[in-house]
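*Asks:* The structure that follows is given in the form of structure tokens.
The values are calculated or read from the model by the stated rules, or taken from the named source; none is laboratory data. Predicted, not measured: the structure shown is a model, and the values here were computed from it. Note: ideal-geometry Cβ built from the backbone for every residue, glycine included; neighbour counts use all protein chains shown. With ligands, DNA and RNA removed, areas are computed over all heavy atoms of the protein, side chains included. Shrake-Rupley method; radii C 1.70, N 1.55, O 1.52, S 1.80 Å.
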Amino acid sequence: MDEYNQIIRILETEPLTGDLDFILSTQVIYIDGNFGIPIQSIKQLYTIAFKQFKLNHNKLMNSKLIMLLYPDCYTILNERKSLLLQNQIDKYEEYSFTRFVLTKHSSNSLLWSYRYWIRKQIKIDDTTRQQDDEICNLAAQRYKCNYPCWTFRRLSMLKNSNFELVTVYESD
């Protein structure tokens, strides 16, 4: 329970600007925006966070923790979408948070879809484009055949420009 409280405190107070990783240490580590969660604690942390989430205790932070541990949870992503639409979560902060989660879960298609959904809700500027380029490049370096990442990049580029998809057929 101490690790859980420590992580919730970090999520509430510290900027998550670096990388997320699961580590062999027995302690939670936060250094300069980088966040390490002990591997052996993941199951227990997930169980506690999901129980707290279901009981409506600090839904915002518990859903954030669950996203860090297991971003494939439709329940959590749908709840966060609902909170975004109700303006209980800042769209730009959530967009940055998905970048942070993608540093660990870079080939998660559901997370890339969620990021694209948020992207459609916000105004795209040079900073957003730069952030997209950085996370896509990082994801491509970690996993070369990262189709969710490439799909996100392709759709984002199409949305940012006047390009049209053109199918080219080669004749024999």
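*Asks:* Tell me the carbon and sulfur percent of the accessible area for region 28-172, rounded to whole percent, probe radius 1.4 Å. Provide the component values of the computation, followed by the final result.
*Replies:* Working: 4240 of 8360 Å².
That share works out to 51 percent.
*Asks:* Moving on. Place a point 7 Å from the Cα of residue 27 along the Cα-to-Cβ direction; which residues of region 33-75 have their backbone N under 17 Å from it?
*Replies:* Output list for this probe position: 33-41.
*Asks:* In a GNM of the chain with a 10 Å cut-off on Cα contacts, which of 43, 123, 64 has the highest mean-square fluctuation?
*Replies:* Looking only at 43, 123, 64, the largest GNM fluctuation is found for 123.
*Asks:* Can I ask one more? Taking every Cα atom in region 1-52, find the radius of gyration and the maximum pairwise distance Dmax, and write them in Å.
*Replies:* Here Rg and the maximum Cα pair distance are 10.6, 30 Å.
*Asks:* Helix 147-160 versus the longest principal axis of the chain: what angle, 0 to 90°, nearest 10, using Cα atoms?
*Replies:* 60
*Asks:* Going toward the positive end of the dipole of region 14-172, with +1 on Lys and Arg Cβ and -1 on Asp and Glu Cβ, which of 152, 109, 70 do you reach last?
*Replies:* Going by the charge dipole, the pick is 70.
*Asks:* Could you size up the charge dipole of region 13-152 around its Cα centre, putting +1 on the beta carbon of Lys and Arg and -1 on that of Asp and Glu, and report it in debye to the nearest 20? Write down the numbers at each step before the final one.
*Replies:* Numbers: 17 positive and 14 negative charges, 117 e Å.
That gives a dipole near 560 debye.
*Asks:* Can you list residues from other chains, or at least 5 along the same chain, whose modelled amide H is less than 5 Å from the amide H of residue 22?
*Replies:* The answer is 37.
*Asks:* Once the Cα atoms of helix 42-54 and of the chain are each reduced to a long axis, what angle between those two axes, in degrees from 0 to 90 to the nearest 10, is obtained?
*Replies:* For 42-54 against the chain, the angle is about 90 degrees.
*Asks:* Another question, then. Please compute the net charge surrounding residue 17, taking Lys and Arg as +1 and Asp and Glu as -1 over other residues with Cβ under 11 Å from its Cβ. Before the final figure, lay out the partial values.
*Replies:* Numbers: positive: 99; negative: 14, 19, 32.
Neighbour charge sum, excluding residue 17 itself: -2.
*Asks:* A further question follows. Can you tell me the length gained on complete extension of the stretch residue 158 to residue 90, counting 0.36 nm per residue apart and subtracting the Cα distance? Mind showing how you got there, number by number?
*Replies:* On the way: separation 68, 0.36 × 68 = 24.48 nm, distance 2.48 nm.
Gain on stretching residue 158 to residue 90: 22.0 nm.
*Asks:* Please report Rg (one decimal) and Dmax (integer) in Å for the Cα set of region 1-97.
*Replies:* 12.9, 38
*Asks:* Can I ask one more? As I understand it, the value is the acute angle between the Cα axis of helix 109-121 and the longest principal axis of the Cα atoms of the chain; what does it come to in degrees, rounded to 10?
*Replies:* 70
*Asks:* Holding the Cα-Cα limit at 30 Å, pick out from 51/91; 81/104; 43/120 the pairs that are longer than that. Mind showing how you got there, number by number?
*Replies:* Values: 51/91 26 Å; 81/104 21 Å; 43/120 33 Å.
Beyond 30 Å: 43/120.
*Asks:* If all Cα-Cα distances of the chain are sorted into 5 Å bins from 0 onward, what percent lands in each bin, rounded to whole numbers?
*Replies:* With a bin width of 5 Å, the distribution comes to 1, 8, 16, 20, 20, 15, 9, 5, 2, 2, 1, 1, 0, 0.
*Asks:* Now for a different question. Normalised by the empirical 2.2 N^0.38 Å for globular proteins, what value does the Cα Rg of region 46-88 take? It would help to have the intermediate numbers written out before the result.
*Replies:* Numbers: Rg = 9.5 Å, N = 43, 2.2 N^0.38 = 9.2 Å.
Taking N as the residue count of region 46-88, the ratio is 1.03.
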